[in-house]
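Colleague: Shown below is the structure under consideration.
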Amino acid sequence: MKKIALLAIPAAFALAFTTTAMAADGKAVYTDNCAKCHGEDGKGATKMGTKLGARDYTDATVQASITDDQAFKSIKEGMKKDDKTLMKPSELSDEDIKASVAYLRTFKK
Ligand code: HEC
């Protein structure tokens, strides 16, 4: 009996992980990986965001200036301005990057 319970626990964890990996949760990905610069509200008014010059993503003009493809590329490959690294190349999966961009789009007012 005890043995069965011990086996059931890792199985439950494995299942939970697969489910998360399959349906990328844009908000969670964003909160964990992007909010420290771009802000929980997308305004980029964080310490890091202000220092690096993150734009205000609640602004429709800012949103309109970037295509999804460009956003994806900038996140995946990183973004530089002169010698300054604005965003490091991301280690997220393609799905997670797309989900976080989709979430970033929801800030548009
Ligand atoms: C170390 C701080 C930092 C982190 C972490 C970060 N960004 Fe950025 N990001 C910036 C800065 C600075 C810019 C350049 C100014 C701007 O466009 O806001 C930028 C630019 C962008 C752009 C515009 C790209 C372009 O080509 O113009 C998008 C979209 C973006 N970030 C989304 C994200 C997403 C989504 C995440 C999380 C997966 C993320 N960023 C993580 C700092 C960061």
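The values are calculated or read from the model by the stated rules, or taken from the named source; none is laboratory data. A quick note: this is a predicted structure, and the numbers were derived from the prediction, not measured. Positions of Cβ are generated from backbone atoms using ideal geometry, with glycine treated the same way; all protein chains shown enter the neighbour counts. Only protein heavy atoms, including side chains, enter the accessible area calculation; ligands, DNA and RNA are left aside. Shrake-Rupley method; radii C 1.70, N 1.55, O 1.52, S 1.80 Å.
Colleague: Starting from segment 38-61, take each residue that is at positive phi and list its partners that are more than 8 Å from the ligand (Cβ to nearest atom) and of a type in the set (A, V, I, L, M), counting only C-beta distances under 8 angstrom and pairs at least six apart or across chains.
Modeller: Short answer, once both residue conditions are applied: Gly39/Ala45.
Colleague: Within segment 35-93, take every residue that is hydroxyl-bearing (Ser, Thr, Tyr) and part of a helix (DSSP H, G or I) and give me the one that is least open to solvent (accessible area, probe 1.4 Å).
Modeller: Ser74
Colleague: Name the single residue, out of those in segment 38-87 being charged (D, E, K, R), modelled with pLDDT of 95 or more and within 9 Å of the ligand (Cβ to nearest atom), that is farthest from Ala99 (Cα to Cα).
Modeller: Selected residue: Lys51.
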